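Have a look at the structure below before the remarks.
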Amino acid sequence: MKRWYLFPFSILYNLGTSTRNMLYNIGLKRSVKFQTPVICVGNLSVGGSGKSPMVMYLADLISKYYRTGVLSRGYGRITKGYGITNYDSNYKSVGDEAMQLFERFKNRFVVGVCEDRVSGAKKMISEMDLSVLLLDDAYQHRAIKPGFNILMTDYNDPYFKDYLLPAGDLRESRSGASRAQIIMVSKCPDDLTEEKKQFYISRIRPKNAQKVFFSSINYDENIYSNNKSIPDNNLAFYDVLLITGIANPNPLVKHLSKFSDKVKHLKFRDHHSFTESDIKNILAEYRKMGDYKMILTTEKDYVRLKTYDQLRDVIFYWPINVSIDRKEEFDQIVLDYVRKN
């Protein structure tokens, strides 16, 4: 148990969340179901579990065949209400995750934000003429009843080893996993054996209709700046100032260590809104480094940091993608759901 002394409060938290879920399950609290296929990607835990890369993967896959939209809350933005991401948007108006999606895919699919998911979904589906809607981080948003749920759980911190808030990091009890059609174990090591996969499946204990898949993070072979790219193996020649404002930067730190042992890491909290003072501190650290140096960050942090003129030409980001075991089977299950609904 992570914070055992808070366990009595977890009992109270469980009472509240279980009662809420029960009211939705028996219909005393209304859950809206749309005729348009709705896929939700979420988790049981707070913090990073690989939701954003999975949403990216799904939107890329589905938008090849169907008019697709992605709706998120727009966490960290200074605006309120419903909005559609476009070329005039920035992370302050739509949030960093929505902006990251748009920066990579442009108008391949529609990216919307709204803290009221029901209202936002209704508007997006009708106004954007969507054939399918992806909900980012809405597993506990029971006011919408998705047709398909994908539950993410971190290989290194799985929900079946965790406890409810505030003793642990679970937003709801482990039984909430029963709502998912697919349970995706994310951030798996590259050398994951079939024996270890079977062990994980035995701990998850999926229902007969549930499928369990395993995914890992793949880093691009290049890192990118505003106007150029550099092969990842060239990182060995640089002093690297790594800036992260994500929930779990450990996979990136570990991957970077394969290429460079000259790394200084400045770690900020998830969705950190960088201030002028932060930028001054970053630049001060950067100036202390040798002649061959660079600032490196994540793709999500890049959409925030590049808005500062002082950093625009010296900061690089490292894109990531998802690799899924039994990829063809996973893709077919998702596309079959959309096609049949």
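The values are calculated or read from the model by the stated rules, or taken from the named source; none is laboratory data. Not measured: the values here are computed from a predicted model. Cβ: placed from backbone, ideal geometry, glycine included. Neighbour counts: every protein chain shown. Side chains are part of the model used for accessible areas, which takes the heavy atoms of the whole protein and leaves out ligands, DNA and RNA. Shrake-Rupley method; radii C 1.70, N 1.55, O 1.52, S 1.80 Å.
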For the stretch 312-335, which residues satisfy the criterion of being among the β-branched types (Val, Ile, Thr) and open to solvent by less than 20 Å² (accessible area, probe 1.4 Å)? 315, 324, 334
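Looking at the structure I just gave you, is residue 192 among the hydrophobic types (A, V, I, L, M, F, W, C), assigned to a strand (DSSP E or B) and in contact with a Phe, Trp or Tyr (Cβ under 7 Å, 6 or more places away or on another chain)?
Numbers: among the hydrophobic types (A, V, I, L, M, F, W, C): yes; assigned to a strand (DSSP E or B): no; in contact with a Phe, Trp or Tyr (Cβ under 7 Å, 6 or more places away or on another chain): yes.
Taking the combined requirement at face value, the residue does not satisfy it.
Looking at the stretch 224-242, which of its residues are outside any helix (DSSP H, G or I), open to solvent by less than 50 Å² (accessible area, probe 1.4 Å) and out of contact with any helix residue (DSSP H, G or I) (no Cβ under 6 Å at 6 or more places or on another chain)? Please lay out each step first, then the result.
First pass over the stretch 224-242, keeping only residues outside any helix (DSSP H, G or I): 224-231, 238-242.
With open to solvent by less than 50 Å² (accessible area, probe 1.4 Å) added as a condition, the list becomes 225, 230, 239-242.
Selection gives 225, 230, 239, 240, 242.
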When the stretch 328-341 is examined, which residues are found to be at pLDDT 95 or above and either in contact with a Phe, Trp or Tyr (Cβ under 9 Å, 6 or more places away or on another chain) or among the hydrophobic types (A, V, I, L, M, F, W, C) (or both)? 329, 330, 333, 334, 335, 337, 338, 339
Exactly one of (1) of a type in the set (D, E, K, R); (2) over 21 Å from the mean Cα position of the chain (by Cα); (3) open to solvent by less than 30 Å² (accessible area, probe 1.4 Å) is unmet by residue 194. Its number? (3)
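Any chance the stretch 52-60 includes a residue that's outside any helix (DSSP H, G or I), at pLDDT 95 or above and crowded, with 23+ Cβ neighbours inside 10 Å? Before you say what the answer is, go through the steps one by one.
Here is the first cut: in the stretch 52-60, the residues outside any helix (DSSP H, G or I) are none.
No, the stretch 52-60 has no match at all.
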Under 6 Å by Cβ, and 6 or more places apart or on different chains, what pairs join a residue from the stretch 11-37 that is touching a residue at least 60 places away in the same chain (Cβ under 8 Å) and aliphatic (A, V, I, L, M) with one that is assigned to a helix (DSSP H, G or I) and open to solvent by less than 40 Å² (accessible area, probe 1.4 Å)? 32/118
